[in-house]
Amino acid sequence: MSETISSTYEYLLTHYGPLLTLKHLAEVMHTTPNGVRMAIARKRHPLAVALATARRQLGRRVYFEARLVAEIIDQGIETKRHQNPSTTEKKRRTETDVSLPTQERSLTCI
């Protein structure tokens, strides 16, 4: 039974070994360890949920399986920042949004 090894997995394996620490994962994701920790805890983003499945805890130490992290990266899960729908749907009201009778809307110059 021969499995093909992706270049991502090969890179992670040679640089970090079979298990990545939180610091190593943050380095790979180009963020801070605290940012990764908070994203996984909140589980608001598909990438964070996927990374939570790769998480392994040995005692008090937290590791991430390099194989699963490589699969997540290779799948190309959308990495756009989470936007709160309540803030994007809210529209700032302006004077033109207020419905006025047609006569009052027209400006006349004297």
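Tabulated results
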read-out: Additional length obtainable on full extension of the chain from T31 to D74, 0.36 nm per residue less Cα span; value: 13.7 nm
read-out: HN-Hα J in Hz across the range 12-23 - Karplus 6.51, -1.76, 1.60, θ = phi - 60°, x for Gly and Pro; value: 4, 5, 6, 8, 10, x, x, 10, 9, 7, 4, 5
read-out: Point-to-point label distance, K23-R42, nm (Cα→Cβ direction, 7 Å offset); value: 2.5 nm
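Every number in this text was worked out from the coordinates using simple rules, so none of it is lab data. The shown structure was predicted, so the numbers you read here are calculated from the model rather than taken from an experiment. No Cβ is skipped: glycine too gets one built from the backbone with ideal geometry, and neighbour counts run over all protein chains shown.
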